[in-house]
Amino acid sequence: MDDEKDVSDRTNRLILIGLMILALITIGGTIVSTMVEWEADVSADIERSS
């Protein structure tokens, strides 16, 4: 019984860590793509004003 509980806890922990990593990658990707769009907008504005 204890062995099953250990395996279950370990599995739940691995799933939780996996979901956290996935969330971090998603948030990071969103931030990076937003920054890239902002850079493109800023450089386009600079070219227009020149």
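The values are calculated or read from the model by the stated rules, or taken from the named source; none is laboratory data. Since the structure is predicted, the reported quantities are computational estimates derived from the model, not experimental observations. Note that each Cβ is placed from the backbone with ideal geometry, even for glycine, and that neighbours are counted across all protein chains shown. Surface areas here come from the heavy atoms of the whole protein model, side chains and all, with no ligands, DNA or RNA. Shrake-Rupley method; radii C 1.70, N 1.55, O 1.52, S 1.80 Å.
Within region 19-50, the set of residues being of a type in the set (S, T, N, Q) and open to solvent by 90 Å² or more (accessible area, probe 1.4 Å) comprises Ser49, Ser50. What about Glu4, is it modelled with pLDDT under 90, exposed (fewer than 10 other Cβ atoms within 10 Å of the Cβ), in a helix (DSSP H, G or I) and not polar (S, T, N, Q)? Yes; evaluated as a whole, the condition is true for this residue. Of all residues in region 28-50, those satisfying the criterion of being among the small types (Gly, Ala, Ser) and assigned to a helix (DSSP H, G or I) are Gly28, Gly29, Ser33, Ala40, Ser43, Ala44, Ser49.
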